[in-house]
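A short write-up of the structure that comes next.
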Amino acid sequence: MIAPARRVAFNVVRRVFEDDAYADRVFAPAAEQLDTRDRALAQRIAYGTVQRRRTIDHGIDTLGRRPVRKLDPPVVAALRIAGYELGWGDTPAHAIADDAVELVREAGLERATAFTNAVVRRLSEGFRALVASLPEGPLKYSYPDWIHETWVRDWGEEEAFALERAQNEPPPQEEYRGMSAASKLAATVVGSQPGERILDACAAPGNKTLMLEGDVTAVELNPGRARLLAERVPPSVRVVNADVRELDETGFDRALVDAPCSGLGVLNRRPDLRWRAKPLPELQLELIRAAAERTRPGGTIVYSVCTLNADENELLVDETGLEVVPLGEEWPEYAHPKRPEFLLTTPHKHATSGFFIARLRV
């Protein structure tokens, strides 16, 4: 009998890599019948497997003696979750091998069961040593080269390694739900007051919206997300389903631009994001300028992104041409180490999501 947690992890991993599904979205319905213990185990295996895909595939290629790209998808998924457990778990190897074989058999690939068993056995004998022998870097820590290169450019090699290690560790449960200390800090920096008109330019899912005071207009482009946002916020918040770049309103006292980004600060709670992330500086610049056009002279804009990439952080703010209102003296523990007028939280130093926050005056 296949362990329920392992079966769920297998199905989630298949959906992510075969259907390009989001891990968190497919995990919830897949795991709804599991008890608390099995649900936690399934999440650890599924998310860990997705995160560690590059390292695991290297192990399968090296020890399995057949490239991953030539294997049937169910075999790949079974070997990947087995590789994750053998590399970073403590389950007995025979239980992992038995379930891997049964998962492949259930998928209708009886002919591949002997191969699956043999590869899992080789992984159990040599995978941990193989990983330990790898030099520090994107292969060992399982990141795309471009993310590693970005962090080395911005912070140096040792800091890049520290970030990579930290974002392979599971975050606290509140981080999975999106109510991180860094996220709350971004809303606090807005400094909204009763009686002021506040623009929340990219509002969904609403975690920061709920912390804003005053007459809040929450703008969300996606109709479904706007509907869910409206159900979540109090009646005092006006939800507008629109593109803020086309919003026909001006004169706001303050604006929050919590912009879409590459998400390099939340890779530990978004396991598949590292494989689909891309920087969005052009869009971010357009959103800041749209907020500036709708904010009164002398008003302020808070720009926040959950990424650790200078191209989307300080270099982007420099490009806006707006006056920077310094934040580092008010929140010294989060002052950007290179540009203290900005705030920067990092997973390895602050035990929270990686966020960049700037306050700008129109």
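Computed from the coordinates by the stated procedures, all read-outs in this text should not be read as laboratory data. Predicted model, so just to flag it, every value in this text is computed and none were measured. As a convention, Cβ positions derive from the backbone with ideal geometry for all residues, glycine included, and neighbour counts pool all protein chains shown.
Summary table
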item	result
Rounded to 10°, Cα long-axis angle of helix 36-51 versus longest principal axis of the chain	90
5 angstrom amide H check on Val239, placed H, neighbours 5+ away	Ala218
Within the range 277-337, GluC sites (Glu not before Pro) in DSSP loop having at most 12 other beta-carbon neighbours inside 10 Å	Glu329
Debye log10 I(q)/I(0) at q = 0.12, 0.14, 0.16 Å⁻¹ for the range 173-361, Cα point scatterers	-0.52, -0.73, -0.98
Within the range 226-256, backbone nitrogen closer than 15 Å to the virtual label 7 Å beyond the Cα of Glu213 toward Cβ	254
Phi to ³J(HN,Hα) by Karplus 6.51 cos²θ - 1.76 cosθ + 1.60 over the range 235-252, Hz, x for Gly, Pro	x, 5, 9, 9, 9, 10, 8, 6, 8, 4, 5, 10, 5, 9, 9, 9, x, 6
Over the range 4-134 - Rg/Rh using Cα atoms and the Kirkwood inverse-distance radius	0.94
The chain: calculated mean residue ellipticity at 222 nm from DSSP helix runs of at least 4, using -39500 (n - 2.57)	-15000 deg cm²/dmol
Top positive-direction residue, dipole computed over the chain with Cβ charges, set Leu34, Thr209, Val189	Leu34
Mean-position separation - Cα centroids, the range 1-25 and the range 40-87, in angstrom	12
Gyration tensor (alpha-carbon) shape descriptor, the range 275-362, a/c threshold 1.5	oblate
At 0.692 mPa s and 37 °C, Stokes D of the chain from Kirkwood alpha-carbon radius, µm² per second	149
Value in Å of the Kirkwood radius, where the range 14-62 supplies the Cα pairs that are averaged	11.7
Degrees, to the nearest 10: 4-19 long Cα axis against longest axis of the chain	70
Other-chain or far-sequence residues with amide H under 5 Å of Val325's (modelled H)	Arg359, Leu360, Arg361
Mean-position separation - Cα centroids, the range 243-277 and the range 91-162, in angstrom	32
0 to 90° range, to nearest 10: angle between helix 145-155 axis and the chain longest Cα axis	50
